[in-house]
Amino acid sequence: MKVGDDACRLAGRWVLDTHLAEMVVSLEAWADQQFAGAGLRWPGISIISGHRSEVRQAEINPAAPLSLHTRCPALAADLRVGGV
């Protein structure tokens, strides 16, 4: 899901802490401005993972059982730039 400019929607969709969602939206806007200033197209940030249950976290990354993804709301999110 592309980040966009609505931190509340982002926080609700991925069960993120609202401050974290606001920071991700700010990062998206900042990067877009930086690329535009250089005459380049910013491919955008997508969130690929937000809140995870403890069971899901154990399946995905058993080495990190105390991940900030498992807090509710989550204090971590996995981001992807463009299609990379």
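Read the figures in this text as sums done on the coordinates, not as results from a lab. Just so it is clear, the model here is predicted, and its values are computed rather than measured. All Cβ positions, even for glycine, are placed from backbone atoms using ideal geometry, and neighbour counts span all protein chains on display.
Which residue pairs have Cβ atoms under 9 Å apart, sit 6 or more places apart or on different chains, and have a first residue in the range 41-61 that is within 22 Å of V24 (Cα to Cα) and a second that is among the aromatic types (F, W, Y)?
R41/F35; W42/F35; P43/F35; I47/W14; S49/W14; G50/W14; H51/W14
Test of understanding: among R56, R52, which residue is surrounded by fewer than 16 Cβ atoms within 10 Å (Cβ to Cβ), of a type outside the set (A, V, I, L, M) and more than 10 Å from the chain's Cα centre (by Cα)?
R56
If you take the residues in the range 39-64 that are in contact with a helix residue (DSSP H, G or I) (Cβ under 9 Å, 6 or more places away or on another chain) and polar (S, T, N, Q), which one is nearest to D78 (Cα to Cα)?
In this case the residue turns out to be S49.
Could you pull out every one of the helices (runs of 4 or more DSSP H) wholly within the range 1-67 that has 1 or more residues that are touching a strand residue (DSSP E or B) at 6+ places or on another chain (Cβ under 8 Å) and of a type outside the set (V, I, T)?
Once the helices (runs of 4 or more DSSP H) in the range 1-67 are filtered for at least 1 residues that are touching a strand residue (DSSP E or B) at 6+ places or on another chain (Cβ under 8 Å) and of a type outside the set (V, I, T), what remains is 7-14, 18-37.
Is it true that D17 is surrounded by fewer than 16 Cβ atoms within 10 Å (Cβ to Cβ) and acidic (D, E)?
Taking the combined requirement at face value, the residue does not satisfy it.
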